[in-house]
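The values are calculated or read from the model by the stated rules, or taken from the named source; none is laboratory data. Here the structure is a predicted model, which is why all the values come from computation and not from measurement. Cβ: placed from backbone, ideal geometry, glycine included. Neighbour counts: every protein chain shown. With ligands, DNA and RNA removed, areas are computed over all heavy atoms of the protein, side chains included. Shrake-Rupley method; radii C 1.70, N 1.55, O 1.52, S 1.80 Å.
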Amino acid sequence: MARKDNLIVGVDIGSHAVKICQLQRSGKGYKLIALGSATIPPGAVEDGVLQDPEEVSKAIASLLKNLKIKATKIGISISGYSVIVKKISLEKMDDSALDDYIKSEAEQYIPFDVEDVYLDYQKLPPKSSTDERLDIMLVAAKKEVVNDYLSMLQNIKLETVLVDVDGFALENIWETVSGTVANVALVDIGASKMNINIISNGVSVLARDIVVGSEQLTEQLANKLNVDLASAEKIKLGKELCQDNQDEITNIFNQTCTQWVLEIKKAIDLYFANNPDSPLQSLVLSGGGSKVNGLAEYIGEETGLNVIMFNPFEKMTYDEKKFDPDYIHLVAPEMTIAAGLAIRQSPF
């Protein structure tokens, strides 16, 4: 069992906000120790790339101070165009030969110069004992982008011991909390991107980032209705009614959310084409965009799947004197990736 202090602090750096989660081992499960978010200026992070390190580092340092987190070993995750996650099929070979092959031949699978990226890979379980092929999940991340994050975090005295990919952090927290290896589509909708990770028999078989997010819906509502972004956000979440413009609001929702659903359906259709005998049991929805009024029901109708609104803290304990259960329930969807990082142990 991990020591209580051996879990890292999860730091999810999005385009709209920084989210931080700290957990502690508690029996066979976890206890929530700290949780919070802080908004960052527009444009500070764009498509997963750090544009304004000073503003982002200020937000992280201030949030850590407010949450009274003294631990300095953290994990982050990245997404966007600078990260490629690709499933490839190879002839069977031993581990040493596979390592050599990936190092020498990876460039044919990624759109970057191999010298400019950090490479990692994971062998996927064979589909059958007679399978002559080897399936690999290959991950490449641009060094320049990763190094900018590491440098920014080092400047505020944080030691980054883990750099993950959003979809895998999502997978880790889902499997940890659900305790199942059911075939599911994990869909996390953030402010500016949507992450889809389809899990079959406990293994990620399709992972992709799509540049659509709930921020576009807020901006469209603000522009069309001539309201500020704060009011548009409330309308988006169903917290503020706007009866005079209901038809216009419905039209905006239909256009934008239809685009999201089409991307989800494309990924599901691709999965079904390659795995006709392993149907999906459900679609697990998370991220701040998952709270858009009526979205979960719409996705369920269009995909024919049971939609689960994911609360990563559902089975965790926490001090109710410190955390309001209503607050936990409210922020849980956008804290999923931060929680997925926070369950990881420090390797040293």
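Brief remarks on what is shown
- Gap separating the Cα centres of segment 1-57 and segment 279-304, nearest whole Å: 24 Å
- Lys/Arg +1, Asp/Glu -1 at C-beta; the chain dipole; positive extreme among Leu285, Ala267, Ile252: Leu285
- Of all lysines in the structure, those lying under 22 Å Cα to Cα from Lys239, and not within fewer than 8 positions of it along the same chain, are Lys224, Lys291.
- Segment 268-348 shape via C-alpha gyration tensor axes, a/c threshold 1.5: oblate
- Straight-distance candidates among the lysines for linking to Lys321, with alpha-carbon spacing under 22 Å and chain neighbours fewer than 8 residues away dropped: Lys4, Lys19, Lys31, Lys65, Lys68, Lys70.
- From phi via Karplus (6.51, -1.76, 1.60), per-residue ³J(HN,Hα) for segment 162-174 in Hz, x at Gly/Pro: 8, 10, 10, 10, 3, x, 6, 5, 5, 4, 4, 6, 5
- Take the Cα of Asp95, step 7 Å toward its Cβ, do the same at Lys266, and the gap between the two points is 3.8 nm.
- Calculated from backbone phi, Karplus (6.51, -1.76, 1.60) coupling profile of segment 216-229 in Hz, x at Gly/Pro: 5, 5, 4, 5, 5, 5, 4, 5, 5, 9, 6, 10, 6, 5
- Residue order for Thr256, Thr250 - accessible surface, 1.4 angstrom probe, largest first: Thr250, Thr256
- Assigned charges on the beta-carbon of Lys, Arg, Asp, Glu; the chain dipole about Cα centre (debye): 1440 debye
- Cα-derived Rg over Rh, computed across the chain with Rh taken as Kirkwood radius: 0.96
- Karplus-derived 3J(HN,Hα), 6.51/-1.76/1.60, for each residue of segment 42-49, Hz, glycine and proline x: x, x, 5, 10, 10, 6, x, 9
- Lysine pair count for segment 101-175 [Cα-Cα under 28 Å; pairs on different chains or 8 or more apart]: 8
- For the chain, the relative contact order is 21 percent, taking Cα pairs closer than 8 Å that sit 6 or more residues apart in sequence and dividing their mean separation by the residue count.
- Candidates per GluC sites (Glu not before Pro) in segment 243-348, loop by DSSP, up to 12 other Cβ within 10 Å: Glu314, Glu320
- Helix-only CD estimate at 222 nm, as mean residue ellipticity for the chain, using -39500 (n - 2.57) per DSSP H run (n ≥ 4): -11000 deg cm²/dmol
- Projecting the Cα positions of Leu221, Val145, Thr176 onto the charge dipole of segment 145-235 (unit charges on Cβ atoms of Lys, Arg, Asp and Glu, taken about the Cα centre) puts Leu221 furthest along the positive direction.
- Proximal aspartates and glutamates relative to Lys73, as straight alpha-carbon distance under 13 Å, when same-chain residues fewer than 8 apart are discounted: Asp5, Glu159
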